[in-house]
Amino acid sequence: MVNRQPTVFIAAIGSDIGRELAFRYRDRGSRVIGTFRSPEHVEALRGVDGIDLVSCDVADSGSVIRAAEAITALDKPWNLFIGAVGRLEPIGSFFACDFDEWSASVTANSLGQLRLLHAIYPHRDREQTPSQVAFFVGGGINGPFRHYSAYCLGKVLLVKFCELIDDEYPDVHAVALGTGWVNTKIHRQTLAAQGRAGDNLRRTVAFVSAGGTGTPIDDILGCLDWCFGAERAATGGRNFSIVHDAWRDGGEALLQTLARDSRMFKLRRDGA
């Protein structure tokens, strides 16, 4: 069988992180397929050779099904699935939120991405095993994320999912990656929420006003490379912090520590 050019699939290629990763993977020689919700967010990607765009709102099950059909029709089996969807809204205390909006946000941040992965799993590149799966997660993994419960719960679900899928499927290498603060358009949601964002408004204003990039995209790409360059037994099913974990320069000490502790970087009851 003819060797296939590797294909990277990015859910939310219209996100700032998704777009920049798409260009970097393409420059490496990979084919890229990405889903987007807002057409205006993918203008820079339209017509770019090696990048296919598919409309999809992951909070809408019908949209996910149609997108999966379009992705399958491209006949480009995927090697790496990246879930880059992130929706902060609705922002505010739980009982003050509209529940339908809250539920749709949980779905977008977790279940919708999993529905998409479930739908395109049969169309993975079976010549390369294990298939690689990465989800970007955020605030609240190690404690409460006040006024952002929908976003937080969706991301926590993804962390546990990576452990579950690692246990069930030896042909999948799944990781959850905390990106840290990245200066992207997602922060506009917090700025628009104003007082409903609580203390996070002050932190966000300070971060955006500083004008920095936060976590560099190249660090995000580098951590992805490190996770999937390591043995599945070492990194699979775990949640890594791109900013704080010692993966750089080979991360040998961290890999040795992980090899000794199968519970490390997974959701557990503290003190048990």
Practice problem: Would you grab the residues whose amide H sits under 5 Å from the one on Val182? Only those 5+ places off in sequence or on another chain, please, with H modelled 1.01 Å from N. | Solution: Thr215
Practice problem: Evaluate E = 1/(1 + (r/R0)^6) for Ala70 and Leu191, where r is the Cβ-Cβ distance and R0 equals 30 Å; express this FRET efficiency to the nearest 0.05. | Solution: 0.35
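Using helices alone, I'd like the mean residue ellipticity at 222 nm for the chain: each DSSP H run of four-plus residues gives -39500 (n - 2.57), total over residue count, nearest 500. Present the calculation step by step, with values, prior to reporting the outcome.
Working: 10 runs with 107 residues, N = 272.
Helix-only estimate at 222 nm: -12000 deg cm²/dmol.
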Quiz item: Please report, for the Cα atoms of the chain, the Rg to one decimal and the Dmax as a whole number; what are they, in angstrom?
Solution: 18.1, 59
Quiz item: Counting only residues 5 or more places away or on other chains, whose amide H sits under 5 Å from the amide H of Thr35 once H atoms are built in the peptide plane?
Solution: Ile10, Ala11, Ala12, Ile13, Val54
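By count of other Cβ within 10 Å, fewest leading, how are Tyr169, Tyr151 ordered? Provide the component values of the computation, followed by the final result.
Details: Tyr169 15, Tyr151 28.
By the 10 Å Cβ count, ascending, the order reads Tyr169, Tyr151.
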Quiz item: Where both partners of a DSSP beta bridge lie in the chain, what percent of those bridges are antiparallel, to the nearest 5?
Solution: 5
Exercise. Mind listing the long-range amide H neighbours of Arg238? Cut-off is under 5 Å, sequence gap 5 or more, other chains count too, H placed in the peptide plane at 1.01 Å from N.
Key: Ala176
Exercise. Starting from the Cα of Lys266, draw a straight line to each of the lysines and keep only those under 20 Å, dropping any in the same chain fewer than 8 residues away.
Key: Lys155, Lys160
Exercise. Report ³J(HN,Hα) in whole Hz for each residue of segment 149-156, in order, from the Karplus equation J = 6.51 cos²θ - 1.76 cosθ + 1.60 where θ = phi - 60°; Gly and Pro get x.
Key: 5, 5, 4, 4, 5, x, 6, 4
Practice problem: Compute the separation of the alpha-carbon centres of segment 4-20 and segment 83-114 and state it in Å as a whole number. | Solution: 22
Quiz item: Where in segment 107-148 is the amide nitrogen less than 15 Å from a point lying 7 Å along the Cα-to-Cβ axis of Glu231?
Solution: 130
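Arrange the following residues from fewest to most other Cβ atoms within 10 Å of their Cβ: Arg28, Arg37, Arg203.
Lowest count first: Arg28, Arg203, Arg37.
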Exercise. Sort Ser63, Ser110, Ser209 so that the residue with the fewest other Cβ atoms within 10 Å of its own Cβ comes first and the one with the most comes last.
Key: Ser209, Ser63, Ser110
Quiz item: With each pseudo-label sitting 7 Å past Cα toward Cβ, what's the Arg28-Glu127 distance in nm, one decimal?
Solution: 1.8
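Throughout, read-outs are computed from the coordinates displayed, never taken from laboratory work. This one's a predicted model, so the numbers in the text were calculated from it and none came from an experiment. As a convention, Cβ positions derive from the backbone with ideal geometry for all residues, glycine included, and neighbour counts pool all protein chains shown.
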